[in-house]
1. Under 8 Å between Cβ atoms, which residue pairs at least 6 apart in sequence (or on different chains) link something in segment B:64-82 that is without any contact (Cβ under 8 Å) to a residue 24 or more places away in the chain with a partner that is among the aromatic types (Phe, Trp, Tyr) and not in a helix (DSSP H, G or I)?
2. Is there a residue being buried (at least 18 other Cβ atoms within 10 Å of the Cβ), in contact with a Ser or Thr (Cβ under 6 Å, 6 or more places away or on another chain), in contact (Cβ under 8 Å) with a residue 40 or more places away in the chain and not aromatic (Phe, Trp, Tyr) anywhere in segment A:39-60?
3. Do we have A:Ile51 as more than 25 Å from B:Val4 (Cα to Cα) and either among the hydroxyl-bearing types (Ser, Thr, Tyr) or in a strand (DSSP E or B) (or both) here?
4. So is B:Val81 among the aliphatic types (A, V, I, L, M), within 14 Å of chain A (Cβ to nearest Cβ) and surrounded by 13 or more Cβ atoms within 10 Å (Cβ to Cβ) or not?
5. Quick one: in segment B:7-37, which of the residues that are in a strand (DSSP E or B), modelled with pLDDT of 95 or more and among the polar types (S, T, N, Q) is farthest from B:Cys91 (Cα to Cα)?
6. Can you tell which of A:Gln61, A:Gln38 is more than 24 Å from B:Leu48 (Cβ to Cβ) and either under 15 Å from the mean Cα position of the chain (by Cα) or aromatic (Phe, Trp, Tyr) (or both)?
7. Among B:Gly98, B:Gly59, B:Gly107, which is at pLDDT 95 or above and either surrounded by fewer than 16 Cβ atoms within 10 Å (Cβ to Cβ) or within 10 Å of chain A (Cβ to nearest Cβ) (or both)?
8. May I ask you to list the residues in segment A:6-21 that are crowded, with 16+ Cβ neighbours inside 10 Å and either closer than 21 Å to B:Pro40 by Cα or at pLDDT below 95 (or both)?
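The values are calculated or read from the model by the stated rules, or taken from the named source; none is laboratory data. Here the structure is a predicted model, which means the values were calculated and not measured. Cβ placement follows ideal geometry from the backbone for every residue including glycine, while neighbour counts extend to all protein chains displayed.
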Amino acid sequence: AQTIHQWPVAEIKAVGSPLSLGCTIKGKSSPNLYWYWQATGGTLQQLFYSITVGQVESVVQLNLSASRPKDDQFILSTEKLLLSHSGFYLCAWSLSQGTGQLYFGEGSKLTVL
Amino acid sequence: AQSVTQPDARVTVSEGASLQLRCKYSYSGTPYLFWYVQYPRQGLQLLLKYYSGDPVVQGVNGFEAEFIKSNSSFHLRKASVHWSDSAVYFCAVSASTGNYKYVFGAGTRLKVIA
């Protein structure tokens, strides 16, 4: 069975500090990977997607970056956090290009103070 | 580009009553449509999806949705809700060709009362 694990579960960070969120998918080779951001009580905004190792496409610019160092790993990061980065970050995977369902992780809650 | 509108931010229904959550999409091609549910502090779980064929699709936990192309709608229904159905429901659309973009609606927060 496939599993998706996100870390950390929650973070409280200061404005201007760096951030790294991670996501690991086990039991599925070469998945398409996605990062979504969700403001409190809001909808999901797609940030990045990756269809292969080392290749990441940006969907919206939010002063964040993403990398895929391994087939099963997706990292979201920034060197300087803004207050507007607060929210819930969700990693997801799919098999088909835009037509298969997304499988979501449990999310990482980020609070920037 | 695709877009999704969920016009009802909040819906309250009594336990045992029927439910309809509305979703309208915009996409010039053939859409792939999804309904997801999100419980507090959790990721999203798929309820059902539609690609083609019978416009009424059945999902988990008694949910179903009907694709009406002429109205660009994909409303979610349930005949009898349970208190455990209280959650946020998201409608989503993706393009049918070579596109890795999934667009979500604003979500509808469902509250089931006794």
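1. Final answer for the pair search is B:Glu66/B:Phe74; B:Ile68/B:Phe74.
2. There is no residue in segment A:39-60 that is buried (at least 18 other Cβ atoms within 10 Å of the Cβ), in contact with a Ser or Thr (Cβ under 6 Å, 6 or more places away or on another chain), in contact (Cβ under 8 Å) with a residue 40 or more places away in the chain and not aromatic (Phe, Trp, Tyr).
3. no
4. No, not satisfied.
5. Once the filter is applied, the top-ranked residue is B:Ser14.
6. A:Gln61
7. B:Gly107
8. Correct list: A:Gln6, A:Glu11, A:Leu21.
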